[in-house]
1. Restricted to the stretch 156-194, and to residues that are of a type in the set (A, V, I, L, M), in a helix (DSSP H, G or I) and at pLDDT below 90, which residue is nearest to VAL77 (Cα to Cα)?
2. Among (1) without any contact (Cβ under 8 Å) to a residue 24 or more places away in the chain; (2) not in a helix (DSSP H, G or I), there is one condition GLU18 misses while meeting the rest; what is its number?
3. Pick out the one residue from GLU58, GLU18 that is over 25 Å from LEU98 (Cα atoms), surrounded by fewer than 15 Cβ atoms within 10 Å (Cβ to Cβ) and modelled with pLDDT of 95 or more.
4. Determine, yes or no, whether VAL35 is assigned to a helix (DSSP H, G or I) and touching a residue at least 24 places away in the same chain (Cβ under 8 Å).
5. Can you name the number of the only condition in (1) open to solvent by 20 Å² or more (accessible area, probe 1.4 Å); (2) at pLDDT 95 or above that ARG40 fails?
6. Can SER150 be described as at pLDDT below 80 and more than 19 Å from the chain's Cα centre (by Cα)?
7. Across the stretch 39-95, what is the total count of residues that are touching a Leu at 6+ places or on another chain (Cβ under 9 Å), part of a loop (DSSP other than H, G, I, E, B) and either in contact (Cβ under 8 Å) with a residue 12 or more places away in the chain or aromatic (Phe, Trp, Tyr) (or both)?
Amino acid sequence: MRIMEEEIRALIDKIEPENVDLFLSEMVKERRIYVAGAGRSGLIGRAYAMRLMHVGLESYVVGETVTPAMREGDAVVIFSGSGETNSVVDIAETAKSLGGYLCLITSHKNSTIGKIADCVVELPSPTPPENEWENTFEIRQITGGYKSASLPLASIGTLFETSAMIFSDAVIASIMEVNLCGIEDVMERLNNIQ
């Protein structure tokens, strides 16, 4: 966990603050926020959408049966480490064609989605050297090479998801400050029929 903490700390130091400021300013505007992502990134996106609702913002997950039609000016937040996942690229292109404001949380700002996004927060994740892709989790586990493998979170994409979760929770904390939303307000919005 300490090795992972060091990776996250190094990544945080590389995030461009002006992009974070832009993202936060877009999140507190009076509009609906749609969230999308695929796979594990999609799970982080769903958690973010839930937290947005907890702090009183109107948020939806793209693809859910109860998600209403998007309107011009609504925001779409996409979580995609690669910025290249076909299904998510389609969502981004559709959102832009409908007049949506597109935000991307990614490890690759120059990706297909990054090039069309209005706001990009890059959580930079270094690509391991080519020969390191052969050093799979299974090989490290068998050989006991846990500490010798550099960037243990980066190889399987975990560095992006972990940093995206931390980033999105930090944004929620900032939204609470900006909107003067207290814990009592959040508690009133927690699910009470499960």
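1. LEU159
2. Of everything listed in (1) without any contact (Cβ under 8 Å) to a residue 24 or more places away in the chain; (2) not in a helix (DSSP H, G or I), GLU18 misses just condition (2).
3. The conditions single out GLU18.
4. no
5. Evaluating ARG40 over (1) open to solvent by 20 Å² or more (accessible area, probe 1.4 Å); (2) at pLDDT 95 or above leaves (2) as the failure.
6. yes
7. Going through the stretch 39-95 one residue at a time, the tally reaches 8.
The values are calculated or read from the model by the stated rules, or taken from the named source; none is laboratory data. Values in this document were obtained by computation on a predicted structure and should not be read as measured data. Reconstructed Cβ throughout: ideal geometry from the backbone, glycine too, with neighbour counts over all protein chains shown. We work out accessible area using only protein heavy atoms, side chains counted, and drop any ligands, DNA or RNA first. Shrake-Rupley method; radii C 1.70, N 1.55, O 1.52, S 1.80 Å.
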